[in-house]
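Data block below; observations after.
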Amino acid sequence: LSLSQFPLGRRLPCDIYWHGVSFHDNDIFSGQVNKFPGMTEMVRKITLSRAVRTMQDLFPLEYNFYPRSWILPEEFSLFVDQVRMMKDSDPAWKPTFIVKPDGGCQGDGIYLIKDPSDIRLTGSVQSRPAVVQEYICKPLLVDKLKFDIRLYVLLKSLEPLEIYIAKDGLSRFCTEPYQEPTLKNLHQVFMHLTNYSLNIHSGNFIHSDSVSTGSKRTFSSILCRLSSRGADVKKLWSDIISLVIKTIIALTPELKVYYQSDIPVGKPGPTCFQILGFDILLMKNLKPMLLEVNANPSMRIEHEQELSPGVFGNVPSPVDEEVKVAVIRDTLRLVDPQKKKRKEGHLAGQHMVSYKNKVNVKSNYFMCYRCQALEHISEADEELLDTGQADRPGYDSAGSPEADLPSLCLKQVFPKYAKQFNYLRLVDRVAALFIRFLGVKGTTKLGPTGFRTFIRNCKLSNSSFSMASVDILYIDITRRWNSMGIEHKESGMCLQAFVEAFFCLAQKKYKSLPLHEQVALLIDFCEYHLAALDEKRLVCGRG
């Protein structure tokens, strides 16, 4: 594999483009790029919370892995009212809440509160929207310390959906023994916040050359410890896989809208893939809870350390190297454009990879570093931890260019488990209807004419729901979404507003049913009439 860096861009096309921040780092018209359009926007705390909430409305039990959330400042009154009601109904309930700025990262601006009145509603929230969530007060502790898990997930393709999960991840520890939140300890960030970028400044932070000790460890070392205590590690992995798939299912509808806007059907453009960082907290009962999703997880394999008094330098981090090198190496193996040619017996050509920013991976480890994640519990979960030759891309019994490489550390979970999760993809189908009626290629907003055409073509208007009512529904919902302080580059109805309108139509048409059944029935109804219309147009075209 030949890697070349082009900080100022490159005239000739490349096979793979590795961007540092977003899809738009460079104008790309071919090959593969390691970012999806819109991903950075989709995993911001407010957008992620909205996407998961939509799925919670449809499938509350399936999406109970995300803490109850409110969006500030628009839902502050709702937050106050709901907390008051819950306290009135259960006087013993003594909640703690965590406030997270929407665009914050590395723990910046996060703080804990005991009561809604403690929210800092001065100019900061108005100018910097935030999400407030129920704080998880009973996390799993190791060595009396709270920790979270960073798992690496490869979204290899959006259509068809293809998801891989790394077999190992990182466990990032707090640096002060955990105590449940009280008014006295709310401000002790080293006790409550697991962010590596915060805790590294603690005097108690431990850099370790071992992957199973210190303030940053491999997730596999934690699993080994849990397994030795009799924990059901196989079920834990199953729950984590479920959480990852369900979260990506929540994100894909709007990602598809962004995708068709930047890469319209029928026009030249690249295909996309992306490595995501899932931050997960384990509760005391081993239930995984999603904290957030990072579109640009750090791939550094070194850390800054004081080498002598006042002298700092970068030193290798064995834990990061153990996990991250394998993730990047195997991502490139999976998206390798020459893989098919090798399978057909062709010689592999050189690959050119254009880097917008430097990827911090040691070249001498890049294609020969061995992935040994979770070998100690391979018998506990054969599906996730299978390391046989069949996992090797381009494997051939007669030998292949990758015959000497370790088996993949990335395990496919979708479409492998598609049958168990496809029923959740209702909003995906609603998004397909939305995209169909957008009209102008490259837009992300539905105009009033497009919305009327959708209603008319799907036969949704009748004597009790006139086209005048359709216009009122469009105006009311669009105006409310446009007043939420979301950035709008164009006027019209966004996907979230269309989904709300669709749910409203489903509830009007199919009363006395659970919401997910109402929505599924209306989708079937719309798809039936649109298929009939397409068939009619086809026949007319032939005539």
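The values are calculated or read from the model by the stated rules, or taken from the named source; none is laboratory data. Note that the structure is predicted; figures quoted are calculated from it, not measured. Here the Cβ positions follow ideal geometry from the backbone for every residue, glycine too, while neighbour counts run over all protein chains shown. Ligands, DNA and RNA are stripped out before the accessible areas are found, and what is left, the full protein with its side chains, is counted by its heavy atoms. Shrake-Rupley method; radii C 1.70, N 1.55, O 1.52, S 1.80 Å.
Any chance you could look up the accessible area of residue 80 with a 1.4 Å probe, heavy atoms only, rounded to 10 Å²?
Counting only protein heavy atoms, residue 80 exposes about 40 Å² to solvent.
Could you give the length gained by full extension between residue 212 and residue 298, i.e. 0.36 nm per residue of separation minus their alpha carbon distance, to one decimal place?
That works out to 28.9 nm of additional length.
Taking amide H atoms as placed 1.01 Å from N in the peptide plane, list the residues 5 or more away in sequence, or in a different chain, whose amide H sits under 5 Å from that of residue 130.
Hits under the 5 Å cutoff: 72, 102.
Report the residues of the stretch 241-272 in range of a label on residue 419: point 7 Å along Cα→C-beta, backbone N strictly under 18 Å from it.
Only 242 pass the distance filter.
Can you work out ³J(HN,Hα) from phi for every residue in the stretch 468-483, in order, using Karplus 6.51 cos²θ - 1.76 cosθ + 1.60 and θ = phi - 60°, giving whole Hz and x for Gly and Pro?
5, 5, 4, 5, 5, 4, 4, 5, 4, 5, 5, 4, 5, 5, 6, 9
What is the distance, in nm, between label points placed 7 Å from the Cα along the Cα-to-Cβ direction at residue 286 and at residue 184?
If labels sit at residue 286 and residue 184, their model points lie 3.4 nm apart.
Only Cα pairs under 8 Å and at least 6 apart count here; give the relative contact order of the stretch 424-534 as a rounded whole percent. Could the numbers behind the result be given before it?
Numbers: 88 pairs, mean separation 34.0, N = 111.
Value for the stretch 424-534: 31 percent.
Mind grabbing the accessible area of residue 495 for me, 1.4 Å probe, Å², rounded to tens?
Its accessible surface works out to 10 Å², give or take rounding.
Rounded to the nearest 0.05, what FRET efficiency do residue 81 and residue 315 have when you use their Cβ-Cβ distance and R0 = 60 Å? Mind dumping the intermediate values first?
Values: r = 52 Å, r/R0 = 0.86.
About 0.70, to the nearest 0.05.
Compute the FRET efficiency between residue 524 and residue 491 as 1/(1 + (r/R0)^6), taking r as their Cβ-Cβ distance and R0 = 30 Å, and round to the nearest 0.05.
Details: r = 31 Å, r/R0 = 1.04.
According to the calculation, E is roughly 0.45.
Would you list 35, 416, 508 from the most to the least accessible area, probe 1.4 Å?
Details: 35 15, 416 85, 508 105 Å².
From most accessible down to least: 508, 416, 35.
Could you sort 530-536, 286-292 so that the peptide with the highest average Cβ count within 10 Å comes first and the rest follow in order? Please report the intermediate quantities before stating the final value.
Numbers: 530-536: 12.0, 286-292: 18.4.
By packing density, highest mean first, the sequence is 286-292, 530-536.
Skip the ligands, DNA and RNA, and give the accessible area per residue of the stretch 242-298 with a 1.4 Å probe, whole Å².
Working: 1720 Å² over 57 residues.
Accessible surface, normalised per residue, equals 30 Å².
Can you check what the net charge comes to around residue 208, using other residues whose Cβ is under 9 Å from the Cβ of residue 208 (Lys, Arg +1; Asp, Glu -1)?
Numbers: positive: 216, 217; negative: 209.
Summing Lys/Arg as +1 and Asp/Glu as -1 gives +1.
Which value in nm describes the separation of the simple spin-label points at residue 141 and residue 271, placed 7 Å from the Cα toward the beta carbon?
Reported label-point gap for residue 141 and residue 271 is 4.9 nm.
Round to the nearest 0.05 the FRET efficiency obtained for residue 432 and residue 26 when R0 = 22 Å and r is the Cβ-Cβ distance. Each step should come with its number before you reach the end.
Numbers: r = 29 Å, r/R0 = 1.33.
Once rounded, the FRET efficiency stands at 0.15.
At 1.4 Å probe size, put 54, 175 in order of accessible surface, largest to smallest.
Numbers: 54 40, 175 10 Å².
Sorted by accessible area, descending: 54, 175.
What number comes out for accessible area per residue over the stretch 424-534 if the probe is 1.4 Å? Units Å², please. Before the final figure, lay out each step's value.
Working: 5450 Å² over 111 residues.
That works out to 49 Å² per residue.
Each label point is 7 Å from the Cα along the Cα-to-Cβ direction; what then is the distance between the points at residue 62 and residue 229, in nm?
If labels sit at residue 62 and residue 229, their model points lie 3.2 nm apart.
Could you give the Stokes-Einstein D for the stretch 424-534 in µm² per second, using the C-alpha Kirkwood radius, 25 °C, 0.890 mPa s? Before the final figure, lay out the partial values.
On the way: Rh = 14.4 Å.
Diffusion coefficient, whole number: 171 µm²/s.
In nm, what is the difference between 0.36 nm times the number of residues separating residue 512 and residue 305 and their Cα-Cα distance? Please list the in-between numbers first.
Details: separation 207, 0.36 × 207 = 74.52 nm, distance 6.23 nm.
Contour length minus Cα-Cα distance gives 68.3 nm.
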